[in-house]
Each structure stands twice: as C-alpha cells, then as structure tokens.
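Report on the following structure.
Since every read-out is calculated from the coordinates, none of them should be taken as a lab result. Source: prediction; values computed, not measured. Positions of Cβ are backbone-derived with ideal geometry, glycine not excepted, and every protein chain shown enters the neighbour counts.
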Amino acid sequence: MGVCGQVKLAASMKARAVFLDRDGVLNRALVRAGKPYPPRELAEVEILPGVPEALSILKKKGFILIVVSNQPDVVRGTLSRETVESINTYLGEIMPVDRFIMCYHDSGDSCACRKPKPGMLHQGALEFNLDLNRSFMVGDRWRDVDAGKNAGCKTGFIDYGYDERQPESYDFVAGSLLEAARIILSMENGGEDC
C-alpha cells in the first residue's frame, strides 16, 4: 500500500459527523422583528419540512448526527432548562440524532462552549472519535458557521434572511436542511482523489 492509501486508511478510521444547530435547522425558529428565537414550550415545536428525510439520508451515509445549540435564555431566566431538555427528548424520539449538546451560558460567561467558540463540537469529537476536518456544521446563524470554521469543519449556512449579522464565509448556502444534506452528499462524492 502506498502513502496515499495509508493516509486514506488512517483518515477513514475516525468517524465523520454533521453538527446541526437546533432552532431554525431541525425545528422552526420563532421569528420576531426579523430575529429568531427558540420555542418557549414543547407545544410550539414545529419540525421543519424535509428534516426527517435529510437526517435519514445523512445517517444512511454513515454520518454521526450531533445537535449543538446555544440556549442562553436559560441563564437569562426566560426559558427553563427542563423545557430545553423536553424539546431535545421529543426531537430525539422522532429523529435519528446521536447526541444533543447544549450551551446554557450567555455571551459574558467566558465559557468554551458558546458558539462561535468550538467547544461543543470538540466535545462531540471526543465522545465519538470524530475527524472534524471530514465533518460538517450546518446552521442558520453566523455563530453556527463560525463555530464550525473554528473547529475545522466544512460549513453550511441555511439562509432565512434574518435581520442580523450574517456569516462572512461558508462552504455552501442552502434553503433547508434537506438541500444542505444533498449538498453535503455531493461534496462527499466529489472528493479529491489522491
């Protein structure tokens, strides 16, 4: 086996993942004044069209599916941790998500996990023995995209035209998670030969 084959074999030993933001990617974000917010209770959760199919496609192709979500409203006192966890439990029961990793901090807390910092992605990489360079981060906000870039992942931006800062760069843009999943698979199939 040549050097190229050895490099490919070593890289293939580690799993690859698609990291996903939750609100606005899996379920509909509640948009007020052009800005997205999480559902306030389980009854407000609406799965976005095509999401179950997108996750199923990615899962069948061997991707680990990890939801990484900032939930600062918990520390702000406007949303309970129990509500966040009940939403995660509900989503996990109907979708093939391998892990939910939440950051309950706010911007001033100086944690390592709040996106755009890559802490939640690094945690997922450790738990699942992931190759972050072969993994993807898909989100609907600049923090998601930047967290993916900061972790060394390829990044996808689902653009809903929110009235807020937009990501400066990403590997692809999509209108839905289903479109993003199809782009990810085409990027995988069009990979470089050694």
> Do any of Lys35/Lys60; Lys117/Lys154; Lys60/Lys154; Lys60/Lys149; Lys14/Lys35 go past 27 Å between their Cα atoms, and which?
Replying inline: Lys35/Lys60; Lys14/Lys35
> In a Debye calculation with equal point scatterers on the alpha-carbon sites of the range 125-194 and no solvent, what is log10 I(q)/I(0) at q = 0.16, 0.18, 0.19, 0.26 Å⁻¹?
Replying inline: -0.56, -0.69, -0.76, -1.18
>> I want to check the label-to-label distance for Lys61 and Arg40. Put each point 7 Å from Cα in the C-beta direction and report it in nm to one decimal.
In response: 3.8
> Once the dipole of the range 15-189 is set up with Lys and Arg at +1 and Asp and Glu at -1 on Cβ about the Cα centre, which of Leu132, Tyr37, Gly77 lies farthest towards its positive end?
Replying inline: Leu132
> With Cβ to Cβ distances under 13 Å as the rule, what net charge do the other residues near Ser186 carry (K, R +1; D, E -1)?
Replying inline: 0
> Once you list every other residue whose beta carbon is under 13 Å from the beta carbon of Pro38, what net charge do they have if Lys and Arg are +1 and Asp and Glu are -1?
Replying inline: 0
>> As a footprinting exposure proxy, order Ile66, Ile94 by other Cβ within 10 Å, with the fewest listed first.
In response: Ile94, Ile66
>> Are there any trypsin sites (Lys or Arg not before Pro) in the range 144-194 that are in a DSSP loop and have at most 16 other Cβ atoms within 10 Å? List them by number.
In response: Arg165
>> Give me the base-10 log of I(q)/I(0) for the range 15-189 at each q in 0.17, 0.19 Å⁻¹, Debye formula, one uniform scatterer per Cα, rounded to two decimals.
In response: -1.04, -1.35
> Put a dot 7 Å past each Cα toward the Cβ at Ser80 and Asp163; how far apart are the dots in nm?
Replying inline: 3.2
